[in-house]
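Enquirer: Sharing a structure below in structure tokens format, with a few things to ask.
The values are calculated or read from the model by the stated rules, or taken from the named source; none is laboratory data. These figures come from a predicted structure and were not determined experimentally. Neighbour counts run over all protein chains shown; Cβ positions are idealised from the backbone, glycine included. Keep in mind that these areas ignore ligands, DNA and RNA; they rest on the heavy atoms of the full protein, side chains included. Shrake-Rupley method; radii C 1.70, N 1.55, O 1.52, S 1.80 Å.
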Amino acid sequence: MEVLIFNNETAASEYAAQEFSKRIQHKATTVLGLATGSTPLKMYRELSLLHQSEGLDFSKVNTFNLDEYIGLSGDHPCSYKHFMNENFFNHINISESNVHLPDGMTKDVPKTCQEYEEAIKKVGGIDIQVLGIGSDGHIGFNEPTSSLSSRTRIKTLTKKTCEDNARFFNSIDEVPRHCITMGIATIMEARRIVLLAFGEAKAPAVSKMVEGPLSAMVPASILQMHPNVVVVLDRSAASKLSHHDYYYRVATNKPNWQRL
Ligand code: GLP
């Protein structure tokens, strides 16, 4: 697991955007795995700028989002579909038919989940996946105790996650209790994973993910088993890591051929 610590969120987000941009330039049909929440916002802004100023071309790119709330339609202002349109898709030249999010209004959840898995396979799997991390160590909406070999399915959100996400709603009572999320095994099949975390509130979860034991109580700790992950942090999110100095040492001594 590579850990990169940047001075601030902006520098970290620009680095992450470069990771995505380089891949899209290399392979026009890149399949992106995308996340919601505040964390990837600056990265999406940077990628939108790269499209507008340098013509970064998303016309052949496919995207798969990690999750969606059950009971919210795509035009609901708190749905993840709406979030993605507002913060990313409306600013780039992506084709609507290439954008995929689980359908939160489905009448048949298991079938929708199965079809989501099949759609990912059909385009050849996810090339690069961005992740945030919940303060309880969740990735996607895979809450603590999620099966580490889970596939896309329904999950019940913890009280803590509802509280954390209540800021996007009028009140906590409006936060749906259920969601559809890619499973942990689904996420682990992405060829490259870029996990972003910013701010002090994420420091305990980051430390458990990177340096703690592998445990379903910290779903993000499964990333220790992935061969191609980079954890991109600002100083505050990195503040509880004990091997701090080593991560800087690795970054400073990185051979040129390993750099972006
Ligand atoms: C939600 C999303 C996660 C995200 C997490 C953290 O639970 N399902 O994908 O990583 O929030 O959100 P934020 O980036 O706002 O801290």
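Enquirer: I want the local charge near Ala12. Using Cβ-Cβ distances under 9 Å, sum +1 for each Lys or Arg and -1 for each Asp or Glu among the other residues.
Expert: Computed value for this residue: -2.
Enquirer: Using the 2.2 N^0.38 Å rule of thumb for compact globular proteins, work out how region 1-120 stacks up: its C-alpha Rg over that value, please.
Expert: Relative to the 2.2 N^0.38 Å estimate, region 1-120 comes out at 1.11.
Enquirer: Right, here's the next one. If you add up the charges near Ser95, with Lys and Arg at +1 and Asp and Glu at -1, over every other residue whose beta carbon is less than 15 angstrom from its beta carbon, what do you get?
Expert: -1
Enquirer: Just the number, please: percent antiparallel of the DSSP beta bridges in the chain, rounded to the nearest 5.
Expert: 30 percent
Enquirer: Calculate what fraction, in whole %, of the accessible area of region 21-115 sits on carbon and sulfur atoms when a 1.4 Å probe is rolled over the protein chains.
Expert: Here it works out to 48 percent.
Enquirer: Ranking request for peptides 243-250, 35-42, 180-187: highest mean number of other beta-carbon atoms within 10 Å first, then the rest in descending order.
Expert: Per-residue mean Cβ counts within 10 Å order the peptides as 180-187, 35-42, 243-250.
Enquirer: Next question. Among DSSP beta bridges lying fully in region 105-260, give the percent that are antiparallel, nearest 5.
Expert: Just about 40 percent of them are antiparallel.
Enquirer: Right, something else. Based on alpha-carbon centroids, what's the gap between region 63-121 and region 171-201 in Å, whole number please?
Expert: Rounded to whole Å, the Cα centres lie 14 Å apart.
Enquirer: Taking all protein chains as present, what is the carbon and sulfur share of the accessible area of region 120-254, in % to the nearest whole number, probe 1.4 Å?
Expert: The C+S portion of the solvent-accessible surface of region 120-254 is 53 percent.
Enquirer: Could you give the accessible area per residue of region 104-194, probe 1.4 Å, as a whole number in Å²?
Expert: Per residue, region 104-194 has 46 Å² of solvent-accessible surface.
Enquirer: Run through all the Cα pairs of the chain and give the fraction in each 10 Å bin from 0, expressed as whole percent.
Expert: The distribution over the chain is 7, 32, 38, 20, 3, 0, given as percents.
Enquirer: Still on this structure, please answer the following. Please work out the average accessible area per residue across region 1-49, using the 1.4 Å probe convention, and give it in Å².
Expert: Accessible area per residue, region 1-49: 40 Å².
Enquirer: Output the antiparallel fraction of DSSP beta bridges having both residues in region 120-207, as a percent to the nearest 5.
Expert: 55 percent
Enquirer: Residue farthest toward the positive end of the dipole of the chain, with Cβ of Lys/Arg at +1 and Asp/Glu at -1: which of Ile184, Leu49, Ile154?
Expert: Ranked along the dipole, the leading option is Ile184.
Enquirer: Also: Enumerate the amide H contacts of Phe6 below 5 Å, restricted to partners 5 or more residues apart or on another chain; note that Pro and chain-start residues carry no placed amide H.
Expert: Counting only residues 5 or more places away or on other chains, the set is Leu233, Asp234, Arg235.
Enquirer: Hand me the tally of lysine pairs in region 1-146: alpha carbons under 29 angstrom apart, and the pair either on different chains or 8 or more positions apart.
Expert: Qualifying lysine pairs in region 1-146: 25.
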